[in-house]
Amino acid sequence: MSKQLKNAEETQAILKVIAEMFPDAKRELDANNNFELLIAVMLSAQTTDKAVNKVTPELFKRYPDASALAGAPLTEVSGLISRIGMYNTKAKNIINTAKILRDKYGGAVPETVPELMELPGVGLKTATVVLGDAFNIPGIAVDTHVERVSKRLGLVRQNANIEQIKSALERKTPKEDWVKTHHRLIFFGRYHCTAKRPNCANCPLFDECLVGENYLR
Ligand code: SF4
């Protein structure tokens, strides 16, 4: 297999190895409905899922739907989520998002990327995760783990941006695997090919990796 940019067949062979390592990879954010899922994914930007799971139970207990959150005082919401990064901005965004859900969508979460991306604080990654997990509309959401792993393994070009990574991965994999691929790449990045200390010495993909040797020196 080439060490450089992988073709579709090589990409799928690599993803098969990752699937064997993490067969049960799934979303780790806690959410009981689509509203909670959207808010939890928004809160998870640049923060761990574990940290978000610690603040959302009380947040959703006090504000269980879009209408309740839309009317919430900013200081209270900020206080409830103050243990996670960028909590002030996130508090503003989730309240303003809740207002739009209440006023424009009758409290429901919209089901298209453009509609979701019109919500304050919702980017392509959040929209793709919500569509996949809430509505079973497939897509490979690209977060920091997916980007790092895809580049280290040469699944995408080194200078690819988030949209280019998403479309390259989707082009090289069957549609029915997109959501699973997203979760597996995240698990691989979170628990094996971590940002600072990847486990290259015990990596079944070492021979295919563009950078593994650098971490063994
Ligand atoms: S060899 Fe190291 S950097 Fe490359 S995929 Fe494996 S763990 Fe990640």
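Quick one: net charge around residue 146, please, counting Lys, Arg +1 and Asp, Glu -1 for every other residue with C-beta under 13 Å from its C-beta. Each step should come with its number before you reach the end.
Numbers: positive: 125, 148, 151, 152, 166, 180, 184, 190; negative: 143, 147, 163, 170.
Charge balance near residue 146 sits at +4.
Think of region 34-135 as having a plus end and a minus end, set by charges on the Cβ of Lys, Arg, Asp and Glu; of 129, 81, 95, 81 sits farthest toward the positive end of this dipole. If you take the square roots of the eigenvalues of the alpha-carbon gyration tensor of region 34-135 and sort them as a ≥ b ≥ c, do you get rounded (a/c under 1.5), prolate (a/b over b/c) or oblate? Taking the square roots of the gyration eigenvalues as a ≥ b ≥ c, region 34-135 is oblate.
I need to check one value: relative contact order of region 34-135, counting alpha carbon pairs closer than 8 Å and at least 6 residues apart, in percent. Show your work: numbers first, answer last.
Numbers: 114 pairs, mean separation 31.9, N = 102.
Relative contact order, region 34-135: 31 percent.
Neighbours of residue 176, meaning other residues whose beta-carbon lies under 15 angstrom from its beta-carbon, give a summed charge of +4 when Lys and Arg score +1 and Asp and Glu score -1. For the chain, the longest principal axis of the alpha carbon atoms and the long axis of helix 49-62 meet at an angle near 20°.
Its relative contact order, with pairs defined as Cα atoms under 8 Å and 6+ residues apart, puts the chain at 25 percent. Simple spin-label estimate for residue 26 and residue 74 gives 3.8 nm between the two label positions (7 Å along the Cα-to-Cβ direction from each Cα). Relative to the current alpha-carbon distance between residue 92 and residue 157, full extension at 0.36 nm per residue lengthens the span by 19.9 nm. Give me the angle, in degrees from 0 to 90, between the Cα long axis of helix 162-172 and the longest principal axis of the Cα atoms of the chain, rounded to the nearest 10. For helix 162-172, the angle is close to 60 degrees. Once the chain from residue 196 to residue 46 is taken as fully extended at 0.36 nm per residue, the excess over their C-alpha distance is 52.4 nm.
Among the trypsin sites (Lys or Arg not before Pro) within region 1-72, those in coil by DSSP and having at most 16 neighbouring Cβ atoms inside 10 Å are 3, 26. Of all lysines in the structure, the ones whose alpha carbon falls short of 27 Å from that of residue 54, not counting any fewer than 8 places away in one chain, are 26, 90, 92, 99, 125, 180, 196. Normalised radius of gyration (Cα atoms, divided by 2.2 N^0.38 Å) for region 156-217: 1.23.
Where a number appears in this text, it was derived from the coordinates with a stated rule and is not lab data. This is a predicted model, so every value here is computed, not measured. In this analysis, Cβ positions are derived from the backbone assuming ideal geometry, glycine residues included, and neighbour counts consider all displayed protein chains.
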